[in-house]
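Beneath this line is the structure, given in structure tokens, with notes to follow.
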Amino acid sequence: MQRSPSLVIQDCEEDHADLIRAADFETAISYSKCGKFQKILLVVCGIIYATCAISTTTLSFVLPSAECDFNLSSSDKGRLSASPLVGMVFGCAVWGTIADSRGRRIAIILSLLVDFLAAIVSSLAGSFNLFLICRFCNGFGIIGATNIVFSYLGEFLSVKQRDVMLGRLEIFWNVGVIIIPGVAWCLLNESVLKTFSDHLHFSPWRIFVAICGIPSLMSLILLMFLPETPKYLISKGKNDEALHVFQQMYSRNTGQPNCFYPVLSLVGEFENNNENKSIKNGYQGRTILEKAKNVLNSLKVLFSQPYLKYMAITGFADFGLMTSYFTLIMWFPDIFARFYDYEIQHPNLTASIWEVFQNNESRNDIWHTYVTCNPSIDIRVFLDTLMIGLSCIPTSVTLSFFMRKVGKRYVLVVCLILSGVATVSLNWVRSTVQILVVSCIFEAFTSILEAVLFCVVIELFPTNMRAIALAITTTSGRLGAIFGNIIFGILLDVNCLIPIYLFGSLLIASGLLCLTLPRPNNYIVIH
């Protein structure tokens with residue numbers, strides 16, 4: 001039988017003399033040490049984040065095959081591409097509220113479960129409308145894990161450890177980006193598609209969609225073996241449970257029994273938690289009302305100064321980042337295809353992106369090619385996607401170093417400005433090689449930026465507002481992604497320079513605006 005925390009404390013008082021009667025979060029976590037527990041935690045959270053990358057980019061490889069099976073028009077493909085992003089917008093607020101009211105761990109588990117079930121059902125979908133709904137649910141589910149995993153990991157770490165560990169988390173996103181073209185290459189190449197069409201009725205893209213849902217199931221199973229964050233538990237007044245988590249961390253990191261953990265009790269954010277005060281005083285019947293009041297109080301503080309200013313800056317930064325990132329990543333294959341086609345037609349000439357897109361002969365040939373539905377994906381698309389994914393490794397690996405040496409704010413500012421310059425430079429490329437280089441530079445910087453931005457949000461806002469702040473920031477980003485895809489699709493063949501300059505300007509403006517964020521030692525934290 002598992003012993004209660006009070007008995008463990010009693011044994012500790014008898015066996016261990018150097019005791020600390022009461023400690024806040026930072027003191028308690030420093031005594032729990034840093035070691036094996038944090039490594040296990042990083043791996044599990046990394047797998048979750050890689051799963052988020054896989055789920056987010058699945059659709060880009062499915063479209064050619066699904067287009068043939070469902071006989072999709074250009075309008076249908078546009079709706080399908082937007083449906084996960086719309087789901088993300090709705091999911092952000094829902095998962096943020098669940099994370100702040102019920103816990104980070106349960107919110108991530110539920111979001112991964114929704115993503116897994118949506119992937120399985122979508123692989124079996126017999127109609128386009130059902131497939132569309134399932135992809136909406138994929139976006140709705142996966143966005144919860146995408147943003148809350150940063151809060152979950154960060155709230156097991158001290159201030160000293162946080163930047164390094166959260167920076168390392170970004171490496172796993174790129175692992176997911178690198179894995180998915182390999183899986184797609186195995187299942188969606190021309191020979192496999194021909195074999196399935198000749199002998200089987202179940203399209204390989206459906207197997208691909210189902211396989212891409214399996215990491216969500218694996219991730220939620222792994223997370224079930226980990227505890228809720230002690231930071232969250234303290235904020236909800238569950239100090240005994242938080243203390244037990246610290247004891248587990250100490251035992252795992254040092255190899256010593258739980259009773260040797262020297263902290264006997266915890267103090268922290270519980271004093272301001274009205275919901276728990278009501279429960280403690282016997283007013284359980286008013287729990288729902290108190291929860292509503294608690295959320296409203298958090299929002300009231302969130303929309304007061306200086307938090308309103310912080311929220312506006314981080315929201316605008318993620319809007320500008322995702323406007324360009326999600327749009328260009330979705331459209332790079334089309335841009336590559338148009339350049340490849342132009343070079344085949346004009347082998348001795350070079351052209352700018354504007355000239356390629358204004359070339360009527362090239363454009364007509366491309367649309368003529370799409371009229372005859374071809375479910376296979378050109379091998380160059382896989383190779384280009386793989387190269388872009390590999391280009392992110394250097395920045396991901398060195399992110400923790402630069403965050404520690406120069407600070408998150410300056411990393412955010414510099415990378416936003418450099419990615420903006422890379423976006424504008426698309427107007428000057430004149431070959432597929434040059435556009436591949438520019439796209440690799442763009443992806444290398446933009447792929448790490450949301451992780452850095454989330455790290456900044458975690459430090460800007462106190463625990464009871466952190467998940468909501470992350471949810472609002474992420475919602476702004478997904479609205480930007482929807483806006484960017486709509487604008488780019490409308491203006492691409494009219495004048496592609498306009499959206500390119502717009503995206504570059506948004507990135508540079510976001511970088512300059514982030515200069516106004518305070519340094520870590522100037523953050524205002526309310527406990």
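Throughout, read-outs are computed from the coordinates displayed, never taken from laboratory work. Worth saying up front: this structure is predicted, and the values here are computed from it rather than measured. Positions of Cβ are generated from backbone atoms using ideal geometry, with glycine treated the same way; all protein chains shown enter the neighbour counts.
If you take the beta carbon distance between Leu296 and Leu390 as r and set R0 to 41 Å, what does 1/(1 + (r/R0)^6) give as a FRET efficiency, to the nearest 0.05?
On the way: r = 47 Å, r/R0 = 1.15.
It comes out at approximately 0.30.
Is the shape of the range 430-497 best called rounded, prolate or oblate, per the rule: a/c under 1.5 gives rounded, else a/b larger than b/c gives prolate, else oblate, with a ≥ b ≥ c the square roots of the Cα gyration tensor eigenvalues?
Cα axes put the range 430-497 in the oblate bin.
Peptides 32-43, 87-98: what's the order by average Cβ count within 10 Å, highest mean first?
Peptide ranking by packing, descending: 87-98, 32-43.
Note the full-extension length gain between Ala22 and Val164 as 0.36 nm times their separation in residues minus their Cα-Cα distance, in nm to one decimal. Present the calculation step by step, with values, prior to reporting the outcome.
Working: separation 142, 0.36 × 142 = 51.12 nm, distance 2.80 nm.
Full-extension gain reported as 48.3 nm.
Using a Förster distance of 25 angstrom, determine the FRET efficiency expected from the C-beta separation of Ile120 and Ile379, and round it to 0.05. Walk me through the numbers on the way to the answer.
Working: r = 29 Å, r/R0 = 1.15.
Calculated value: 0.30.
Given H placed 1.01 Å from N in the peptide plane, which residues other than close sequence neighbours of Ile20 have an amide H under 5 Å from its amide H?
The answer is Val263, Leu264.
When the label point is put 7 Å from the Cα of Val406 along its Cα-to-beta-carbon vector, which residues of the range 443-460 have a backbone N closer than 18 Å?
Residues 443-456 qualify, since their backbone N sits under 18 Å from the label point.
Packing-wise, with mean Cβ within 10 Å as the measure, how do 235-245, 448-458, 257-267 rank, highest first?
Working: 235-245: 21.1, 448-458: 24.5, 257-267: 18.6.
Put in order of decreasing packing, that is 448-458, 235-245, 257-267.
Decide, for the range 39-150, between rounded, prolate and oblate: order the square roots of the alpha carbon gyration tensor eigenvalues as a ≥ b ≥ c, take rounded if a/c falls under 1.5, and otherwise choose prolate if a/b is larger than b/c, else oblate. Write out the running numbers ahead of the final one.
On the way: a/c = 2.51, a/b = 1.93, b/c = 1.30.
Judged from the Cα gyration tensor, the range 39-150 comes out prolate (a/c at least 1.5, a/b above b/c).
Compute the distance in nm between two label points, each set 7 Å from the Cα along the Cα-to-Cβ direction, one at Leu264 and one at Val414.
It is 4.9 nm.
Assuming a ≥ b ≥ c are the square roots of the Cα gyration tensor eigenvalues, decide whether the range 127-193 counts as rounded (a/c under 1.5), prolate (otherwise, with a/b larger than b/c) or oblate. Display every interim value, and only then the final one.
Values: a/c = 6.58, a/b = 1.71, b/c = 3.85.
Because a/c hits 1.5 or more and a/b fails to exceed b/c, the range 127-193 counts as oblate.
Need the C-alpha centroid separation for the range 394-417 versus the range 36-53, integer Å.
A separation of 21 Å, based on Cα centres.
What are the ³J(HN,Hα) values, in whole Hz, obtained from phi via the Karplus relation 6.51 cos²θ - 1.76 cosθ + 1.60 with θ = phi - 60°, for each residue of the range 380-386 in sequence order, with x given for Gly and Pro?
Along the range 380-386, the couplings run 5, 5, 4, 5, 5, 5, 5 Hz.
Quick one: Karplus J couplings for the range 497-511, per residue in order, coefficients 6.51, -1.76, 1.60, θ = phi - 60°, nearest Hz, x for Gly and Pro?
Each residue of the range 497-511 in turn: 5, 4, x, 5, 5, 4, 5, x, 5, 4, 5, 5, 4, 4, x Hz.
Step through the residues of the range 134-143 one at a time and calculate ³J(HN,Hα) from phi using the Karplus curve (6.51 cos²θ - 1.76 cosθ + 1.60, θ = phi - 60°), rounding each to whole Hz and writing x for Gly and Pro.
Once θ is set to phi - 60°, the couplings for the range 134-143 become 5, 5, 4, 5, 4, x, 4, x, 5, 5 Hz.
With a Förster radius of 22 Å, plug the Cβ-Cβ distance of Ile214 and Val43 into 1/(1 + (r/R0)^6) and report the FRET value to the nearest 0.05.
0.80
Return, for the Cα atoms of the range 76-124, the radius of gyration and Dmax in Å, separated by a comma.
Both quantities, over Cα of the range 76-124: 12.7, 38 Å.
Which links in Lys39/Lys231; Lys39/Lys405; Lys160/Lys231; Lys39/Lys160; Lys300/Lys408 stretch past 25 Å when you go from one Cα to the other?
Violating the 25 Å limit, Cα to Cα: Lys300/Lys408.
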